[in-house]
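Written out below as structure tokens is the structure these notes cover.
The values are calculated or read from the model by the stated rules, or taken from the named source; none is laboratory data. These numbers come from a predicted model, not from an experiment. Here Cβ is always computed from backbone atoms with ideal geometry, including for glycine, and neighbour counts include all displayed protein chains. Just the protein is used for accessible areas: all its heavy atoms, side chains included, with ligands, DNA and RNA removed. Shrake-Rupley method; radii C 1.70, N 1.55, O 1.52, S 1.80 Å.
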Amino acid sequence: MKMRIEKDSMGELDVPEEALYGAQTQRAINNFPISGEALPDAFIRSLILIKAAAARANETLKCLSPEIAKAIQDACNELLNDDNFMRHFPVDVFQTGSGTSSNMNANEVIATLASVYHGAPVNPNDHVNYGQSSNDVIPSAIHVSATLELTGHLLPALVHLRQTIIEKGDSLKGFTKTGRTHLMDAMPVRLDQTFHAWAAQLQDNIDNLMYLESKTTQLAQGGTAVGTGINAHPEFAALFARELSDLTKVTFTQGKNFFALIGSQDTAVALSGQLKAVAVTYMKIANDLRWMNSGPLAGLGEISLQALQPGSSIMPGKVNPVIPEATAMVAAQVIGNDAAITIGGQSGNFELNVMLPMIAKNLLNSIKLLANSGQLLADNAIATLSVNEDKLNEALHRNPILVTALNPIIGYAKAAEIAKKAYKEGRPVVDVAEENTDLSREELLVLLDPAKLTHGGL
């Protein structure tokens, strides 16, 4: 590989001749051969958008010449329109805790491209990074990238999943099944009640995420190194937020307290906690589907999920619930990501949190996993499942727990006696109740009708 010599404040360094980045990026590449994984493209894209918005604001404030500001914006646009832009951003996630290496990576790449547009040198620090610090840029990029991924991917996926569940549930209103608590037979429920419960869980998650979005749109940008705003124009923060809002079509605002936004990552921790709640909801839905689909002969067999692939390399004809299983693994990973983010969040030492790149990576990973798996769960599991009505009815009318409906009439103790006898003899509860109460069979058939019991009441 041909190399060129670049220089920074620490001296000279060999850099690949074709690389757009400079010495500080190369030092980070050399220093952190840890995971081989760069920060997510959504984060780097947000970093580039921040640089473009900063150039626009600094031009308006006469802190940068129109020519240099335009060159920086042109460089940013070139990167944002390059499907392979991530090749210029190789810095490992596990780097300096402030993310300075990634901020300088962006500054150097943009400066190289901007110099071509300007026809004269554009400096990474003095121009591209004007009025900024890694300490406000990286926290802002976490908020910006999380907001854009929420609005562009996760929230639409959750809305789609919820709507798919509601529509499927509505179509299954006529099906009644044995309810289960502790995995044991309980009072009957309708399938639409089961599905609408999942939809209600998802709606709660959507509402909570939308609330947290009002927090992620508040930015640290303008606080610079420690929150005081040193070296930034007094009007920079507000103008920057307006420029970024114009670029993204999402309303961002100046943070209420720069010190809090730079010294902590409480919003990211809260968002991660809510993503964990989404994961828990996914796990609940996935496991319910797996149980209902279990069988087809020795399990519950109440539904059949779409057959997507052979389920075994040795057992012919076996088909497994692959989408719910994949969803459950996503949920486990998101819960693990949240644990790392929680530890990262408590690493706010005085005026700066020093686990920012790890927080960014895990937060965006969780959003991506939940968005993608939610779409698959909707389209390849919920929408396409079928109901095995015969299997539902096989256990439904034989369920001794139906005797619960007789409690107000014959009392708990008598009802328990009938249930135990029905269990022991393997007989329908209506037959045992007819023999052991004064109620007629016609009365019992009405009182013990499973579909009627799903409506509740006395």
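Things worth noting here:
- Computed with every protein chain present, the accessible area of ASP8 is close to 30 Å² [probe 1.4 Å].
- Averaging the Cα positions of each part gives two centres, and for the range 309-351 and the range 224-291 these lie 24 Å apart.
- Computed with a 1.4 Å probe over protein heavy atoms only, the accessible area of LYS368 comes to about 120 Å².
- The alpha carbons of the range 105-157 stretch over 46, 23, 15 Å along the principal axes, in descending order.
- Sorted largest first, the spans of the alpha carbon positions of the range 183-317 along the three principal axes are 72, 39, 27 Å.
- Calculated on C-alpha atoms, the gyration radius of the chain divided by its Kirkwood radius gives an Rg/Rh of 1.16.
- Taking a straight Cα-Cα cut-off under 25 Å and skipping sequence neighbours fewer than 8 places away in the same chain, the lysines within cross-link reach of LYS173 are LYS284, LYS391, LYS452.
- Percent RCO, i.e. relative contact order, over the chain, from Cα pairs under 8 Å lying at least 6 residues apart: 16
- Loop-located trypsin sites (Lys or Arg not before Pro) in the range 52-155 whose Cβ has at most 15 other Cβ within 10 Å (DSSP): LYS62
- Whole-percent carbon and sulfur share, accessible surface of the chain, 1.4 Å: 54
- Cα centroid separation, the range 39-103 to the range 355-416 (Å): 45
- Solvent exposure of the chain, expressed per residue, is 46 Å² of accessible area, with all protein chains present and a 1.4 angstrom probe.
- Of all aspartates and glutamates in the structure, the ones whose alpha carbon falls short of 14 Å from that of LYS249, not counting any fewer than 8 places away in one chain, are GLU149.
- Reciprocal mean inverse distance between Cα atoms of the range 11-164 - Kirkwood radius, Å: 16.2
- In loop segments of the range 149-188 as defined by DSSP, the trypsin sites (Lys or Arg not before Pro) with at most 14 further C-beta atoms inside 10 Å of their C-beta are LYS173.
- Within the chain, antiparallel bridges make up roughly 90 percent of the DSSP beta bridges whose residues both belong there.
- Checking the Cα-Cα distances for LYS51/LYS361; LYS276/LYS318; LYS318/LYS424 against a 24 Å cut-off, the pairs over it are LYS276/LYS318; LYS318/LYS424.
- Simple rule: put +1 on each Lys or Arg Cβ and -1 on each Asp or Glu Cβ in the chain, find the dipole, and look at PRO310, TYR412, PRO357; the Cα lying farthest toward the positive end is TYR412.
- Cross-link partners for LYS177 among the aspartates and glutamates, with Cα-Cα distance under 14 Å and sequence neighbours closer than 8 places in the same chain left out: ASP185, ASP192, ASP288, GLU302, GLU389, ASP390, GLU394, ASP449.
- Estimated D of the range 1-82 in µm² per second, where Rh is the Kirkwood radius over Cα pairs and Stokes-Einstein applies at 4 °C, 1.567 mPa s: 88
- Annotation: the range 400-454 has a Kirkwood hydrodynamic radius of 10.8 angstrom, from the mean reciprocal C-alpha pair distance.
- More than 12 angstrom apart: percent of Cα pairs within the range 253-298: 73
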